[in-house]
Amino acid sequence: MQATREIPTTSPIGRGTPRVDGPLKVSGKAQYASDFHFPGMLYAVPVGATIANGRVVTLDTAAAENMPGVRAIFHRENIGRIFRSVQGPGFAGIMDERRPPFEDDVVRYYGQYIALAVADTFETAKAAADAVRVTYAQDKPNVDTDLKADDEPDVVATTFGMVERLESERGDADAVFARAPVKLDQTYVTPAETHNPIELHATTAIWDGSTLTLYEGSQGVFNLRGILAQMFGLPQESVRVITRFLGSGFGGKLWPWTHCPLAAAAARQLGKPVQLVVSRKMMFQTTGHRARTQQRVRLGATAEGKLVSLQHDYVYHRSILDAHHEDCGEATSFQYSVPNLRVTFGRAKRNVGSTVDMRGPGAVPGLYATESAMNELAEQLKIDPVRLRVINEPRIDEGLGIPFSSRHLLECFELGAEKFGWSRRTPGVGSMKRDGLTFGWGMAGCTWIAARFAAEASMQLRDDGTARVACGTQDIGTGTYTILAQLASQKTGVPLGKVEVVLGDTSLPEGPISGGSMVTGSVVPAVFAAADNAIASLLTVATAAPGSPFERRKAEELAFEDGRVFVKAEGAAAAVPFADVLRRANLRLVTGSGKSEATFGNPKPKFSTHSFGCHFVEVTWQPEIARLRVSRVVTVMDAGRILNPLAGRNQIEGAVVMGIGMALLEHTSYDRQTGAPINSNLADYVVAVNADVPPIDVHFLDFPDKEINALGARGIGEIGLAGIAAAITDAVHHATGVRVRELPVKIEHLLA
Ligand code: MOS
């Protein structure tokens with residue numbers, strides 16, 4: 001492994017740094033969207049349709065309206081205008097459920113908002129919402145789980161623009177598969193999964209006549225501002241969105257949902273602040289979910305294990321009106337060397353709420369399928385699954401025909417195998433037994449895109465020796481406050497405890513969405529440039545202010561190091577703290593702004609930029625009592641330079657925990673009669689909890705990727721969830737002999 005030492009060891013970069021916002025969170029001082037309260041604030045509770053397909057015929061609000069404390073029952077006739085929004089250039093104006101709430105009386109999924117009760121208290125609003133009487137003309141909903149692609153053109157519209165359904169192609173995958181010496185043809189299914197961040201979606205909306213201010217749990221405040229400006233016909237500068245803290249989102253809070261304009265419209269109609277908290281149950285209906293996918297993978301190989309053909313044809317479900325794209329083929333074209341390849345997708349409309357990104361969108365279900373296929377092929381070939389991957393390691397990105405900026409997947413396998421003890425694996429099913437337990441060992445590789453979104457930041461150096469760094473990105477809970485403090489401290493020499501970080505507000509310099517695992521990589525250049533500009537301003541002040549120790553110097557003769565200014569030629573011995581320089585000049589502060597461009601979406605990239613990694617998993621199986629446990633995980637990540645190994649490890653551990661849920665527990669079930677997501681609570685929608693979690697051994701390689709930023713830091717928020725389900729299901733097969741190709745693995749699969 002390569003060690004780089006460009007940054008001194010005293011640097012805050014690369015040091016395991018506890019969250020700077022930790023004390024605020026544990027003391028309850030961190031304010032989330034529904035923690036904001038204002039005088040006269042009203043509470044809104046939506047009424048959701050109890051059918052999934054049909055039309056509202058009558059809406060009787062009389063009883064609800066007459067309840068004491070009820071301010072209004074809003075519906076299509078009295079909510080006022082809510083306009084449509086359209087997508088802008090690049091990453092602007094994104095919204096998955098584009099139809100404004102209440103636009104027509106057609107119901108297309110269970111829980112779709114059809115009315116809104118607003119009252120003095122939450123309890124009254126809830127009682128009023130329950131008292132609204134609705135009749136429907138009902139058709140049978142289609143929530144079929146067997147997915148066949150709808151008849152569609154070769155190029156289809158999606159939330160992210162036009163997309164070709166032939167996603168990638170090279171060589172002649174069909175013909176070569178037909179004559180391949182070894183073939184695998186399997187279909188893998190992943191269920192609808194629902195985001196369950198602990199913080200519920202919430203909007204607190206204030207409309208003061210000309211300006212709309214929203215406290216929202218949002219992973220993208222600028223996108224939300226743009227959408228709301230469109231939906232209410234306002235200039236962008238008349239809308240302000242604030243997200244100081246997020247109780248996570250997992251992608252469910254990336255793009256706006258319809259509760260948000262509803263709360264804003266209610267605030268407009270009533271002239272009072274309105275708060276709307278989406279209930280846990282409603283979050284299964286109206287705030288997105290990961291699409292169900294059905295993925296056929298065909299692999300052709302030589303007897304020695306060289307891939308000759310790879311076909312990945314997948315179908316996912318989507319809502320009736322929306323077109324979120326679940327790009328399961330995201331990683332397929334570049335992960336392995338194979339001369340003949342084809343990746344296609346199709347979509348199947350269902351009466352479900354809009355689908356949306358969930359942690360590692362596309363690649364996570366996609367890699368579950370392709371990595372599972374590789375594991376099955378390894379078994380068929382009687383080759384070790386690590387060895388099969390080594391044989392098929394590509395030299396370049398064969399999908400784009402360009403080099404990788406930095407790809408060290410083989411080193412991940414090497415270190416992971418060593419830490420796990422993989423060489424002791426005996427391949428026979430059920431062959432590893434100890435203490436009455438059957439052990440199963442499995443592994444898989446993973447990858448996730450690395451790139452930068454555009455970012456702006458500002459930096460202040462102040463006369464009390466503190467610094468303030470501001471960026472309108474959000475901290476989804478991953479540690480963005482801490483990373484910005486580290487970056488600011490690194491450049492200015494101000495200790496972490498004296499750096500003020502301000503995030504999550506559209507009045508700040510425009511920051512990226514908390515998505516794509518790209519915030520850290522994106523903000524590094526912007527924060528560094530802001531710091532450089534603040535320091536340049538300071539040095540100019542130092543030479544210009546009367547009485548300054550540097551009065552007769554030129555700025556270029558001065559240096560700034562560790563928070564102090566000195567004359568380069570004289571060395572640092574007589575350095576002056578920047579606070580002294582400012583005070584002598586009677587300045588409270590100097591400011592610098594910084595900006596960096598996006599690399600994401602570059603149509604002609606020179607390098608293919610991704611993070612890589614692998615998981616090695618052990619399960620234990622007790623057939624007598626049908627008890628399956630994940631008992632040990634070793635994960636190795638090649639994610640560039642890790643700026644904060646503590647927060648970084650937390651990210652990977654959290655993703656592995658979510659992966660245990662994905663493999664063994666999580667699935668949203670839709671009732672065939674009503675179309676309702678029926679396990680819409682945390683008792684019936686089971687996620688992995690502490691008791692499910694074994695020791696997780698996380699390792700990072702240290703190969704800085706300078707294509708991404710000066711520090712070489714790539715993202716780590718999502719990659720830990722990629723591949724893990726394939727590693728777990730392979731371990732399950734190794735222990736039990738049962739290949740489960742439809743997630744999650746259920747006990748009944750194993751009792752067969
Ligand atoms: Mo992530 S699905 O980009 O929030």
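The values are calculated or read from the model by the stated rules, or taken from the named source; none is laboratory data. The model shown is predicted, which means the values in this text are computed figures rather than measured ones. With ideal geometry, Cβ positions are generated from the backbone for all residues, glycine too; neighbour counts draw on all protein chains shown.
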How about the stretch 419-431: which of its residues are in contact with a strand residue (DSSP E or B) (Cβ under 9 Å, 6 or more places away or on another chain) and outside any loop (DSSP other than H, G, I, E, B)?
-> 419, 420, 422, 424
Reported set for the stretch 613-653 where residues are within 24 Å of residue 522 (Cβ to Cβ), surrounded by fewer than 23 Cβ atoms within 10 Å (Cβ to Cβ) and among the polar types (S, T, N, Q) is 650
Using the structure shown, decide if residue 521 is within 16 Å of the ligand (Cβ to nearest atom) and under 30 Å from the mean Cα position of the chain (by Cα).
-> yes
Hits in the stretch 470-496 - residues which are farther than 23 Å from residue 247 by Cα and part of a helix (DSSP H, G or I) | 487, 488, 489, 490, 491, 492, 496
Take the residues in the stretch 346-372 that are among the hydrophobic types (A, V, I, L, M, F, W, C) and in contact with an Asp or Glu (Cβ under 7 Å, 6 or more places away or on another chain), then tell me which one is farthest from residue 164 (Cα to Cα).
-> 358
Within the stretch 62-75, is even one residue in contact with a Gly (Cβ under 9 Å, 6 or more places away or on another chain), touching a residue at least 12 places away in the same chain (Cβ under 8 Å) and closer than 30 Å to residue 647 by Cβ?
-> no
Which residue pairs have Cβ atoms under 6 Å apart, sit 6 or more places apart or on different chains, and have a first residue in the stretch 45-61 that is over 27 Å from residue 274 (Cα atoms) and in contact (Cβ under 8 Å) with a residue 24 or more places away in the chain and a second that is assigned to a loop (DSSP other than H, G, I, E, B) and small (Gly, Ala, Ser)?
-> 52/675
Give me the pairs: first residue in the stretch 461-490 and under 16 Å from residue 644 (Cα atoms), second residue of a type in the set (Asp, Glu) and modelled with pLDDT of 95 or more, beta-carbon distance under 8 Å, and six or more apart or on different chains, which are they?
-> 475/21; 481/21; 481/475; 482/21
Identify, by number, the condition in (1) over 20 Å from residue 12 (Cβ atoms); (2) buried (at least 20 other Cβ atoms within 10 Å of the Cβ); (3) within 16 Å of the ligand (Cβ to nearest atom) that residue 598 doesn't meet.
-> (2)
Taking the stretch 217-237 and keeping only residues that are more than 15 Å from the ligand (Cβ to nearest atom) and either modelled with pLDDT under 95 or in contact with a helix residue (DSSP H, G or I) (Cβ under 7 Å, 6 or more places away or on another chain) (or both), one is left with 225, 226, 228, 229, 231, 232, 235, 236
Residue hits (the stretch 127-157; assigned to a strand (DSSP E or B) and within 29 Å of the chain's Cα centre (by Cα)) are 155, 156, 157
Going through the stretch 552-591 in order, the residues found to be free of Cβ contacts under 8 Å to residues at least 60 places away in the same chain, part of a loop (DSSP other than H, G, I, E, B) and of a type in the set (Lys, Arg) are 552, 553, 554
Answer with yes or no whether residue 441 is more than 16 Å from residue 595 (Cα to Cα), crowded, with 21+ Cβ neighbours inside 10 Å and touching a strand residue (DSSP E or B) at 6+ places or on another chain (Cβ under 9 Å).
-> yes
Run residue 684 past the list (1) under 19 Å from the mean Cα position of the chain (by Cα); (2) away from the ligand (no atom under 16 Å from the Cβ); (3) in a loop (DSSP other than H, G, I, E, B) and report the number of the one that doesn't hold.
-> (1)
Hey, among the residues in the stretch 494-518 that are under 28 Å from residue 361 (Cα atoms) and of a type in the set (Val, Ile, Thr), which one's nearest to the ligand (Cβ to nearest atom)?
-> 513
Quick one: in the stretch 320-368, which of the residues that are among the hydroxyl-bearing types (Ser, Thr, Tyr) and under 19 Å from residue 744 (Cβ atoms) is nearest to the ligand (Cβ to nearest atom)?
-> 355
With respect to residue 414, is the statement that it is without any contact (Cβ under 8 Å) to a residue 60 or more places away in the chain, surrounded by fewer than 20 Cβ atoms within 10 Å (Cβ to Cβ) and either within 16 Å of the ligand (Cβ to nearest atom) or in a loop (DSSP other than H, G, I, E, B) (or both) true?
-> no
Matching option when the condition is within 16 Å of the ligand (Cβ to nearest atom), at pLDDT below 95, crowded, with 18+ Cβ neighbours inside 10 Å and not β-branched (Val, Ile, Thr), among 720, 715 = 715
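Being more than 30 Å from residue 670 (Cα to Cα) and in contact with a Pro (Cβ under 8 Å, 6 or more places away or on another chain) narrows it down to one residue among 266, 301; which is it? Show your work before the answer.
On the way: 266 fails: in contact with a Pro (Cβ under 8 Å, 6 or more places away or on another chain).
Exactly one of 266, 301 is more than 30 Å from residue 670 (Cα to Cα) and in contact with a Pro (Cβ under 8 Å, 6 or more places away or on another chain), namely 301.
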Kindly indicate whether any position in the stretch 257-276 is within 16 Å of the ligand (Cβ to nearest atom) and either crowded, with 18+ Cβ neighbours inside 10 Å or closer than 22 Å to residue 323 by Cα (or both).
-> yes
From 462, 424, grab the single residue that is of a type in the set (Lys, Arg), within 30 Å of residue 583 (Cα to Cα), surrounded by fewer than 24 Cβ atoms within 10 Å (Cβ to Cβ) and more than 16 Å from the ligand (Cβ to nearest atom).
-> 462
Starting from residues that are of a type in the set (Phe, Trp, Tyr) and crowded, with 24+ Cβ neighbours inside 10 Å, keep the ones in the stretch 238-256 and report whichever is nearest to the ligand (Cβ to nearest atom).
-> 250
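Which members of the stretch 635-668 meet the condition of being part of a loop (DSSP other than H, G, I, E, B), more than 21 Å from residue 195 (Cβ to Cβ) and over 17 Å from the mean Cα position of the chain (by Cα)?
Correct list: 641, 642, 643, 644.
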Among the numbered conditions (1) modelled with pLDDT of 95 or more; (2) in a loop (DSSP other than H, G, I, E, B), tell me where residue 210 comes up short.
-> (1)
So how many residues does the stretch 210-241 have that are of a type outside the set (S, T, N, Q), without any contact (Cβ under 8 Å) to a residue 60 or more places away in the chain and more than 19 Å from residue 36 (Cβ to Cβ)?
-> 4
